[in-house]
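K.L.:
Could you have a look at this structure, given as C-alpha cells, before my questions?
Bear in mind that the values in this text are calculations on the coordinates, not laboratory data. Here the structure is a predicted model, which means the values were calculated and not measured. Here Cβ is always computed from backbone atoms with ideal geometry, including for glycine, and neighbour counts include all displayed protein chains.
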Amino acid sequence: MTELLKIEWLKIKNYSAFIVLSLFFALGVVGANYAVYVFKTNVIDKSDPTPGLISSIKFYDFAHTWQTTSYVSGFLLLLPGLLLILLITNEFNFRTHRQNILDGWSRSEFFNVKLALVVIAALASTLLVFLTGLVFGFASGTSFSFENIEAVGYFFLKSLTYNMVALLFGVLIRKTGFAIGLYFVYMFFENFISALLEGLSFYLKVQNGFDIGNMGDYLPMNASDALLTFPKNVVTDMAKNSSVAPHTYSWLIFGLAILYLAIFYVWSRSRIIKTDL
C-alpha cells in the first residue's frame, strides 16, 4: 500500500486543482472561524439586548472551541469532496486506471488506494480543525480542556461521509462534470427532503404526541451532519423548544451514519471490481 500511495502522490502533487482546492479549504477553515469570532466579539457582544445572556457565552473558549470549530468548518467539506471527484474521474477520463491495472495492479488494489485517499483527506481535514480549535482556544485565554472534544470525532465522521459519497459518485458516473453536477444536485435534493421530513416530524409531535426525533436526520448525509451542533446558547435553546428534539435518538443517528458508510464502501468497491475497464 505504501508504494501505491507513493505512485498516487506523484499523480496529484503538481495537479493545480489539488493545490488550489486544498489551499482554499485550509484558508476557509481558518477564515470562517475567524469571521465567526470577530462577528461574535464585535457585533453580538456589543449589541446584546440582554447583557450577559448571549455575550457571556464564549464560542471559542476551551469549553466550546472544539464544538464551534467543528460545526463551522463542516460547511466547507464540499471542497475535499469536489477534489476527490476530480481525482477519481480523472483516472477514467485519462485511462490511467486501465494503465495501472495493465501494469500489474489488481482491481482491489486500485480501489484500496482510492479508499486510502478518502480516509487521508478526512484525517487531514480533521487535523486542521483540531489545530484551528486549539489556536482559537489558546487565543481565548481560557485554560486548556478537552471538554466537548467528541465534536472533532463527529467532524471526522462527517468528513468521511462526504468523501465516501464523492468516491461513490466518481466511480459510478466517471464523467467529471456530470459527477460534480449530480453531487451538488443530490445534496440539494437530500436537504430538501430532510426539510420536509422535519416538518412532518414536528406535525406528528404536535398533533399526535409522536416524537421520533427529526426524521430528516436519518438520511445518508444528514445523519453525520446532525451529530455536529453549535454550542448551546439562548438562541439554540429557543429553536429546540419550538421544534422536534433532533438528538432524542442520537444513538440511532450515529448508527445510521456508520451503516451508510458501510453501504457506500460496498457499493463503490463492487462498482470497481465488477464493471468493465
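K.L.:
Normalised by the residues of the chain, what does the relative contact order come to in percent, with Cα pairs under 8 Å and at least six apart?
P.N.:
After rounding, I find 23 percent.
K.L.:
May I ask you to order 31-38, 7-14 by the average number of other C-beta atoms within 10 Å around their residues, highest value first?
P.N.:
31-38, 7-14
K.L.:
Pick out the long, greasy-scoring helices in the chain: whole DSSP H runs spanning 20 Å or more along their own axis by Cα, mean Kyte-Doolittle at least 0.5.
P.N.:
Span-like helices, by this rule, are 16-39, 78-93, 107-139, 150-173, 176-208, 250-274.
K.L.:
Using per-residue counts of other Cβ atoms within 10 Å, averaged over each peptide, order 148-157, 69-78, 182-191 from highest down.
P.N.:
Highest-to-lowest ranking by the protection proxy: 69-78, 148-157, 182-191.
K.L.:
FRET efficiency for Trp9 and Ser270, Cβ-Cβ distance as r, R0 = 22 Å, nearest 0.05? Could you put the intermediate results ahead of the total?
P.N.:
On the way: r = 27 Å, r/R0 = 1.21.
Calculated transfer efficiency: 0.25.
K.L.:
For Leu102 paired with Val206, estimate the spin-label separation in nm (one decimal), with each label point 7 Å from Cα along the Cα-to-Cβ line.
P.N.:
6.4
K.L.:
If you don't mind, there's one more thing I want to ask. Give the lysines reachable from Lys114 as a straight Cα distance under 26 Å; neighbours fewer than 8 places away on the same chain don't count.
P.N.:
Lys6, Lys11, Lys13, Lys158, Lys175, Lys274
K.L.:
Let me ask something additional. Fully extended, how many nm does the chain gain between Leu259 and Ala195 (0.36 nm per residue separation, minus their Cα-Cα distance)?
P.N.:
Answer, rounded to one decimal: 20.9 nm.
K.L.:
Within a 10 angstrom radius of the beta carbon, how do Phe59, Phe111 rank from fewest other beta carbons to most? Each step should come with its number before you reach the end.
P.N.:
Details: Phe59 24, Phe111 21.
If I rank by nearby Cβ atoms, fewest first, I get Phe111, Phe59.
K.L.:
Work out the charge dipole of the stretch 2-274 with +1 on the Cβ of Lys and Arg and -1 on the Cβ of Asp and Glu about the Cα centre, then indicate which of Thr132, Trp251, Ser16 is farthest towards its positive end.
P.N.:
Result: Ser16.
K.L.:
Would you calculate, for the chain, the mean residue ellipticity at 222 nm contributed by helices, counting each DSSP H stretch of 4 or more residues as -39,500 (n - 2.57) and dividing by all residues, to the nearest 500? Numbers along the way, then the final one.
P.N.:
Working: 11 runs with 197 residues, N = 277.
Theoretical 222 nm ellipticity from helices: -24000 deg cm²/dmol.
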